[in-house]
Amino acid sequence: MEQSLVFIKPDGGERGLIGDVLARFEKRGIKVKQLELKQLTEDQVTAHYQEHIDKPFFPNLKSYILSGPICLMVLEAPSVISIIRKMVGATNSAEADPGTIRGDYALTTQNNIIHASDSPESAAREISNFF
Ligand code: CMP
């Protein structure tokens, strides 16, 4: 079994997309192990996105993630990290295939509606940052 840390970003909740996104994972057979709607602190955003803190887009990314509550979840299934990354689609939503979450619900790189862990090491770090 493998776990992934996934969150729906503030605009996803604001647009009423939490149920649709969660249903995609559940219908695929992925188990929801933890679920929480949470307003993050600046420290949690900085810890989560530590590899991006020197990037020019980081101030805007931080404001975006702090702009409202996010829907945090720990999802579990065999090979769940790669399965979810395929379901989520490319980071730049403009390049995400139709049928993926970003390809169906988002338009840009920053406001790409959802985050999903990219490796087992990231998942362990991200889960312990939030739960
Ligand atoms: P996420 O998968 O959560 O990981 C890092 C986030 O930073 C990414 O989704 C986007 O929201 C944002 N991001 C990554 N690259 C860029 C970029 N070039 N310009 C703006 N935002 C970015």
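The values are calculated or read from the model by the stated rules, or taken from the named source; none is laboratory data. Note that this is a predicted model, so its numbers are computed, not measured. Glycine gets a Cβ as well: all are built from the backbone with ideal geometry, and neighbour counts include every protein chain shown. Side chains included, ligands, DNA and RNA excluded: accessible areas come from the protein's heavy atoms. Shrake-Rupley method; radii C 1.70, N 1.55, O 1.52, S 1.80 Å.
Have a look at LEU35, LEU40, LEU72 and point out the one that is more than 9 Å from the ligand (Cβ to nearest atom) and touching a Cys at 6+ places or on another chain (Cβ under 9 Å).
LEU35
Restricting to the range 25-35, give me the number of residues that are assigned to a strand (DSSP E or B) and open to solvent by less than 70 Å² (accessible area, probe 1.4 Å).
Total satisfying the criteria: 1.
Evaluate the following for LYS27: is it in contact with a strand residue (DSSP E or B) (Cβ under 8 Å, 6 or more places away or on another chain), more than 13 Å from ILE70 (Cβ to Cβ) and not aliphatic (A, V, I, L, M)?
no
Which residue pairs have Cβ atoms under 6 Å apart, sit 6 or more places apart or on different chains, and have a first residue in the range 101-113 that is open to solvent by less than 20 Å² (accessible area, probe 1.4 Å) and a second that is within 9 Å of the ligand (Cβ to nearest atom) and assigned to a loop (DSSP other than H, G, I, E, B)?
Once the first residue is open to solvent by less than 20 Å² (accessible area, probe 1.4 Å) and sits in the range 101-113, its partners that are within 9 Å of the ligand (Cβ to nearest atom) and assigned to a loop (DSSP other than H, G, I, E, B) give ARG102/ASN112; ALA106/ASN112; ALA106/ILE113; ILE113/LYS9.
Picking from ALA94, ALA124, which residue would you name as being assigned to a helix (DSSP H, G or I), more than 12 Å from the ligand (Cβ to nearest atom) and more than 17 Å from PHE25 (Cβ to Cβ)?
Only one candidate passes the filter, namely ALA124.
Can you work out which of the residues in the range 78-104 that are closer than 22 Å to LEU37 by Cα and of a type in the set (A, V, I, L, M, F, W, C) is farthest from the chain's Cα centre (by Cα)?
Restricting to residues being closer than 22 Å to LEU37 by Cα and of a type in the set (A, V, I, L, M, F, W, C), the top hit is VAL80.
Is at least one residue of the range 72-82 in contact (Cβ under 8 Å) with a residue 12 or more places away in the chain, exposed (fewer than 12 other Cβ atoms within 10 Å of the Cβ) and within 26 Å of LYS27 (Cα to Cα)?
Checked against the condition, which is being in contact (Cβ under 8 Å) with a residue 12 or more places away in the chain, exposed (fewer than 12 other Cβ atoms within 10 Å of the Cβ) and within 26 Å of LYS27 (Cα to Cα), the range 72-82 yields at least one hit.
Looking at the range 43-62 only, could you name the residues that are outside any loop (DSSP other than H, G, I, E, B), open to solvent by less than 70 Å² (accessible area, probe 1.4 Å) and either aliphatic (A, V, I, L, M) or within 13 Å of the ligand (Cβ to nearest atom) (or both)? Steps first, answer last, please.
Pass one, the range 43-62, residues outside any loop (DSSP other than H, G, I, E, B): 43-48, 50-52, 58-62.
Remaining after also requiring open to solvent by less than 70 Å² (accessible area, probe 1.4 Å): 44-48, 52, 58, 61-62.
Correct list: VAL45, THR46, ALA47, HIS48, HIS52, PHE58, LEU61, LYS62.
Can you pull out every residue in the range 32-49 that is under 25 Å from GLU2 (Cα atoms) and out of contact with any helix residue (DSSP H, G or I) (no Cβ under 9 Å at 6 or more places or on another chain)?
Result: LYS33, single match.
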